[in-house]
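The values are calculated or read from the model by the stated rules, or taken from the named source; none is laboratory data. Just so we're clear, the structure is a prediction, and the values are computed from it rather than from any experiment. Cβ atoms come from the backbone with ideal geometry, glycine included; neighbour counts cover every protein chain shown.
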Amino acid sequence: MSTFEADSRAQKATAADAKANGDGAAPPAGRRSGRSGRHTGPSPPDVVEAAARRLRVMGHPVRLRLIEVLANGPQSVTELAAALGIEHQLISKHLNELHRCDVVTRRQDGNFAVYSLPDALTLKAVALVCRSVLEDRVRLARAAVNVGADGDGGPSQPSR
């Protein structure tokens with residue numbers, strides 16, 4: 001499913017919820033509207049600021065790995081530490097940062113805190129960025145092979 005299709009489905013679900021709740025709210029500014037996929041304009045400044053904060057917090061390799069592991073479902077600090085091979089104290093520090101910006105949710109289960117992703121959108125964003133990095137690497141590797149196959153360091157020419 002493409003990003004546009006996922007965004008469109010999320011909007012339809014939001015619109016259906018709004019209709020069911022009787023508020024009939026329009027899609028937020030800065031979002032795509034309807035099937036045309038046209039952008040409705042810039043997001044409000046407070047939304048951009050909140051998004052920037054969230055992206056800064058998510059921009060640490062350990063935190064990105066935590067998000068990926070939490071895609072498997074709610075987990076305790078002990079489970080996350082074991083999955084990533086990182087000390088409990090460091091896992092807790094990173095989870096607190098993610099929780100502070102609402103990237104993860106936390107609930108108590110007896111003596112343990114259990115963390116989870118509040119929705120699939122955060123995971124989707126991380127997956128899209130990681131996929132983009134992988135595609136760039138593949139593209140660069142192919143370009144390097146083409147240059148090497150040509151032998152002159154320039155772009156390869158199709159054979160005749």
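Remarks
- Applying the criterion of being over 12 Å from the mean Cα position of the chain (by Cα) and among the polar types (S, T, N, Q) to the residues of segment 91-135, the residue that is nearest to R56 (Cα to Cα) is N96.
- Exactly one residue among L98, L123 is surrounded by 15 or more Cβ atoms within 10 Å (Cβ to Cβ) and within 14 Å of E68 (Cβ to Cβ), and that residue is L98.
- Cβ-Cβ contacts under 9 Å between residues 6 or more apart (or on different chains), taken from a first residue in segment 69-91 that is in the same structural domain as D109 (by TED's automatic domain parsing) to a second residue that is acidic (D, E) and surrounded by 14 or more Cβ atoms within 10 Å (Cβ to Cβ), are listed as V69/E79.
- Test: residue in segment 140-149 that is farther than 30 Å from R53 by Cα, modelled with pLDDT under 90 and surrounded by fewer than 10 Cβ atoms within 10 Å (Cβ to Cβ): yes
- Restricting the first member to segment 136-160 and to residues that are in a helix (DSSP H, G or I), and the second to residues that are of a type in the set (S, T, N, Q) and at pLDDT below 65, the beta-carbon pairs closer than 8 Å and six or more apart or on different chains are N146/S156; V147/S156; A149/S156; D150/S156; D150/Q157.
- Selection count where residues are at negative phi, part of a loop (DSSP other than H, G, I, E, B) and modelled with pLDDT of 95 or more, scope segment 73-102: 3
- Residues that are loosely packed, with under 12 Cβ neighbours inside 10 Å, charged (D, E, K, R) and more than 17 Å from E79 (Cβ to Cβ) within segment 101-120 comprise just one, D119.
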